[in-house]
Amino acid sequence: MSLSPLPTLERVLTRPETASSADLGAVRAAGLGGALRPRLPEDHPLRAELRADALRLGLRHAQVRAEVRALLEVWAAEGIPVLLFKGFALAEFEYASPGERIYGDVDVLLPEDPATVWRAAHLALAHGWYSDGQHADPVTWNHETMHLYSPDGHVRLDVHRYVVGLRAGVSPRRAAGLTSGLWARARHLDWEGVPLNLPGALDAAVLNVALGRSWGGDSGGLKPADYLDLGVLGARHGLTPADLATHAAALGAAHTWAAFTQLCDPRNRRLILSPARTVPVIRAGLRADGVHARLGRWRERFGHLRRVWPLLPVSLLDALAARGATARGRDPRGHLRRWTPPGPVRRLPLRAVQDRIMVVGWWTWVLYPRQRRRGVCVPRAYASYRSLRRGGHPVRFVSGVAPGPGGVHGHAWIEDDRGAVEAYGEPENRRRFRELFSFPDPGDAGGPRQD
């Protein structure tokens with residue numbers, strides 16, 4: 001098998017009959033066992049082996065479903081309209097079985113109105129959910145307004161105000177126009193007593209899959225689920241290539257759609273996942289549709305720089321300290337203990353947390369110019385921990401491991417007393433990695449606590 005799992009995934013998804021036991025490592029690392037099983041011939045030897053994969057996905061979906069339905073029922077009783085989209089919605093309403101579609105967070109769209117967002121947040125809090133606090137500070141809103149965590153910890157709910165992200169260069173006005181169109185064309189249904197909105201079939205394929213990926217911040221990158229989603233939606237709703245292309249043109253995305261389907265086309269069994277091949281094609285499509293990813297990112301960075309420049313010198317010291325500690329090695333808890341000031345912690349404002357993590361990320365990028373080839377999770381987590389702890393924030397350093405195609409992989413990241421830190425940009429860590437240790441241990445007297 002190739003050292004890269006991408007050729008393997010391309011082959012088993014476009015030609016599932018060729019799958020063999022040698023492919024299972026890559027398939028399972030990508031969470032695609034449940035998706036591959038029903039696409040295999042009935043007499044294929046892997047069907048029996050992959051049954052457990054589908055059952056695990058189905059069981060997780062049932063847990064997530066129960067908690068999501070309970071919250072949506074509360075919101076519905078208060079007249080708050082909700083539109084479900086992306087992974088969870090596809091697994092529940094489009095796939096033949098929820099055990100076929102892996103997903104992480106649950107994505108919902110609420111009206112952009114701050115009063116509605118705040119009311120939805122307070123209702124969730126009153127029913128045992130937790131918030132990262134973003135809902136309380138509209139200045140921090142981007143395409144999302146808050147992130148909610150279920151009482152049992154099975155669900156992270158990403159609450160959107162726009163259907164696409166803004167990092168790829170899409171203007172807020174354009175994102176708002178796409179979002180209002182999605183609401184206007186939505187399908188209304190009764191989900192066993194809970195009123196709900198779902199994207200129209202054409203929007204689910206073009207807007208949520210292709211534009212959600214290409215215009216949403218992953219500019220140039222594709223995921224295996226994109227191929228599966230387009231195939232399922234096309235077959236279930238009888239979507240023709242002409243229907244899809246016409247809808248993309250109506251959304252102002254004709255070139256993006258053409259580029260996307262050049263790389264991802266279930267009808268013709270075509271899928272390319274390698275970023276080296278996908279990025280130039282997708283970015284050319286974006287530019288032709290007036291979306292300039294690099295310009296948008298640099299505009300965002302310069303806007304941030306105007307706000308955070310006072311943090312640059314001291315954050316550089318944090319990054320240099322982290323680099324030195326990484327080079328020395330030893331038990332991470334020794335370094336972390338030195339960087340943990342005595343006394344009680346206090347929660348920093350959300351914007352301050354975002355700023356510190358962002359500036360640390362910039363310095364990590366400068367100090368490790370080959371960071372995409374070399375793992376820099378430890379120095380980044382070290383520096384983020386040191387910066388936030390210096391400000392008094394209740395942050396933890398977490399070390400974990402996960403199996404992968406080449407063996408066991410280690411990873412390090414930070415969390416706070418509310419769990420995953422959104423600004424850190426790694427919401428799936430808890431699902432992907434098994435914790436080895438964290439510092440401070442939440443059970444210790446010196447662990448994070450809120451004043």
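The values are calculated or read from the model by the stated rules, or taken from the named source; none is laboratory data. Just so it is clear, the model here is predicted, and its values are computed rather than measured. We place every Cβ from the backbone using ideal geometry, glycine too, and count neighbours over all the protein chains shown. Heavy atoms of the whole protein, side chains included, go into the accessibility calculation; ligands, DNA and RNA do not. Shrake-Rupley method; radii C 1.70, N 1.55, O 1.52, S 1.80 Å.
Being more than 21 Å from the chain's Cα centre (by Cα) and modelled with pLDDT under 95 is true for just one of Pro5, Pro81, Pro45. Which residue is that?
Of the residues listed, the single one that is more than 21 Å from the chain's Cα centre (by Cα) and modelled with pLDDT under 95 is Pro45.
Within region 37-69, being acidic (Asp, Glu) and either open to solvent by 50 Å² or more (accessible area, probe 1.4 Å) or closer than 28 Å to Trp129 by Cβ (or both) holds for Glu42, Asp43, Glu49, Glu67. For region 248-285, which positions are more than 11 Å from Leu222 (Cα to Cα), in contact (Cβ under 8 Å) with a residue 40 or more places away in the chain, in a helix (DSSP H, G or I) and open to solvent by 60 Å² or more (accessible area, probe 1.4 Å)? Matches in region 248-285: Pro280 only. Among the residues making up region 20-34, those that are open to solvent by 10 Å² or more (accessible area, probe 1.4 Å) and either over 24 Å from the mean Cα position of the chain (by Cα) or more than 18 Å from Pro266 (Cβ to Cβ) (or both) are Ser20, Ser21, Ala22, Leu24, Gly25, Arg28, Ala29, Gly31. Exactly one residue out of Leu316, Leu348 is closer than 30 Å to Asn142 by Cα, in a loop (DSSP other than H, G, I, E, B) and under 30 Å from the mean Cα position of the chain (by Cα): that is Leu348. Do we find a residue being open to solvent by less than 30 Å² (accessible area, probe 1.4 Å), touching a Lys or Arg at 6+ places or on another chain (Cβ under 8 Å) and acidic (Asp, Glu) anywhere in region 153-169? No, the conditions are met nowhere in region 153-169.
Please go through region 159-200 and pick out each residue that is of a type in the set (Ser, Thr, Tyr) and at pLDDT 95 or above.
Once the filter is applied, which keeps residues that are of a type in the set (Ser, Thr, Tyr) and at pLDDT 95 or above, region 159-200 yields Tyr162, Thr179, Ser180.
Here region 167-194 is the region considered, the condition is being assigned to a strand (DSSP E or B) and of a type outside the set (D, E, K, R), and the residue that is nearest to Glu73 (Cα to Cα) is Val194. Residues in region 102-147 that are among the hydroxyl-bearing types (Ser, Thr, Tyr) and either part of a loop (DSSP other than H, G, I, E, B) or open to solvent by 40 Å² or more (accessible area, probe 1.4 Å) (or both): Tyr103, Tyr130. Looking across region 12-29, the residues that are farther than 20 Å from Ala96 by Cα and not in a helix (DSSP H, G or I) come down to Ala19, Ser20. Considering only residues in region 407-422 that are crowded, with 18+ Cβ neighbours inside 10 Å and aliphatic (A, V, I, L, M), the one that is modelled with the lowest pLDDT turns out to be Ala420.
Here's the yes/no breakdown for (1) outside any helix (DSSP H, G or I); (2) closer than 21 Å to Asp132 by Cβ:
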site	(1), (2)
Ala322	no, no
Ala327	no, no
Arg330	yes, no
Pro341	yes, no
Ala352	no, yes
Trp362	no, no
Trp365	no, no
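Against the list (1) in a helix (DSSP H, G or I); (2) touching a His at 6+ places or on another chain (Cβ under 9 Å), the condition Leu90 fails is (2).
Would you confirm, using the coordinates I've provided, whether Arg185 is surrounded by fewer than 22 Cβ atoms within 10 Å (Cβ to Cβ), out of contact with any helix residue (DSSP H, G or I) (no Cβ under 7 Å at 6 or more places or on another chain) and assigned by the TED database to the domain that holds Gly79? Against the criterion (surrounded by fewer than 22 Cβ atoms within 10 Å (Cβ to Cβ), out of contact with any helix residue (DSSP H, G or I) (no Cβ under 7 Å at 6 or more places or on another chain) and assigned by the TED database to the domain that holds Gly79), Arg185 does not qualify.
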